[in-house]
Amino acid sequence: MTVVAVPNFIAMTYWGLIASPVFQSDTIVIVTNPNKDSDSLTSLLAGNAGASTSGAWILKNRLLSWDEFKSIDTKFHIAETYKHGDFVARAGGLSSFWRTDDIALWHYYQSMVGITIDEQTGITQVNVKGWNSKDAYEISQTLIQDGITHLNHLNEEEDNDFISSATQESERLQKQLAEDEHAISQWRSQHGYLSPVSDYTSLADQAVQLTTKHIELNSQYQSIVRNAPGNPSASSLKTQMSVIENASADARTASQAIFPVAIEYETLDLKRETDSKLMVAAETALQEARIKSAQNHYYLKTVSHPSEPHAPSGPQRLKWILLVLVISLILRALLA
């Protein structure tokens, strides 16, 4: 008889008279990720069930973490806010063996914040319990805002991981390309050539043209000397040949002077061309990094904003009284 009477008396006394009303603020959110959600859609079309819930689990682990507890405790003072419940369920009450240290309060905080994740849809429900409607609502609002802040911080870290190295490489190559242009400009100022290859080709062509002209004039000169030795035009042709020969020699000398320094210019120009191609590749890699980073961002979308209940949702007094009654009757039957 005692097995039935005592537990039921305690149950009816506590849940019927002592247990404090519990207010619960509910929020429904979904954490999306373009890249993972795309993979989930592909799986769904292939016949595999389930949306990506990685973001939901990140949110859950954050909201129940030590860091989040410390943040909430700083703003709401858990021990003070939750001390108004009954002697069993309140912070520092019988359920926590009257402990009010950080670890005990952390576990108490976790017991008052419930997070459930639908593995099929990824929809996440955040439930915050409190001894009054206002506290439950305000803590719920703060948790959601902290969740958004945390996901934004993760996105920033993702940007740093994907983009920072690509940005640094692009900036390095931009600086290197500017140095290449400066080196070529200094070379041109020092040697007086714009492009030694084109200058060398131009002078070489000029020397060939002058040599060809010299050959033509020499042919005319030899013909006059043979056929009309006293012709005065022979002297004029000889003067022209002398001028052309000197000009051709000057062109050859100038082209030969360009050749040694042209090697230095070609080295500088090749380095500039190589760095330019690397710069294009780095810019492409940077754009790809930005796209990939954006695809890996997590976004928290609110399906239903935190509720502010005007009536308690617990404790479920009748449920617990009946549960104790059933268990006690089963024990009595087993012990009979």
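Derivation of every value follows stated rules applied to the coordinates shown; laboratory data play no part. Quick caveat: nothing in here was measured; it's all calculated off a predicted structure. Cβ coordinates were reconstructed from backbone atoms using ideal geometry, including for glycine residues, and neighbour counts include every protein chain displayed.
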Positive dipole terminus of the stretch 164-293, leading residue within Gln209, Gln176, Ser195 (C-beta point charges): Gln209
Selected from Gly314, Gly192, Gly85 as most flexible by GNM, with the chain as the system and alpha-carbon contacts under 10 Å: Gly192
For percent of Cα pairs over 25 Å apart, calculated from these coordinates, the label among (1) 74; (2) 60; (3) 47: (1)
Solution diffusion estimate, µm²/s, Stokes-Einstein, the stretch 137-233, Kirkwood Rh from C-alpha pairs, 20 °C, viscosity 1.002 mPa s: 100
Nearest 10 degrees, 0 to 90: helix 66-76 Cα axis against the chain principal axis: 70
Hits among lysines - C-alpha to C-alpha of Lys175 under 17 Å, sequence gap 8 or more where chains match: Lys271, Lys277
Leading residue at positive end of dipole, the chain (Cβ point charges), from Gln220, Ile117, Thr267: Ile117
Radius 15 Å from Cβ of Gln125, net charge of other residues (Lys, Arg +1; Asp, Glu -1): 0
Cβ-based net charge around Gly92, under 13 Å, with every Lys or Arg adding one and every Asp or Glu removing one: -1
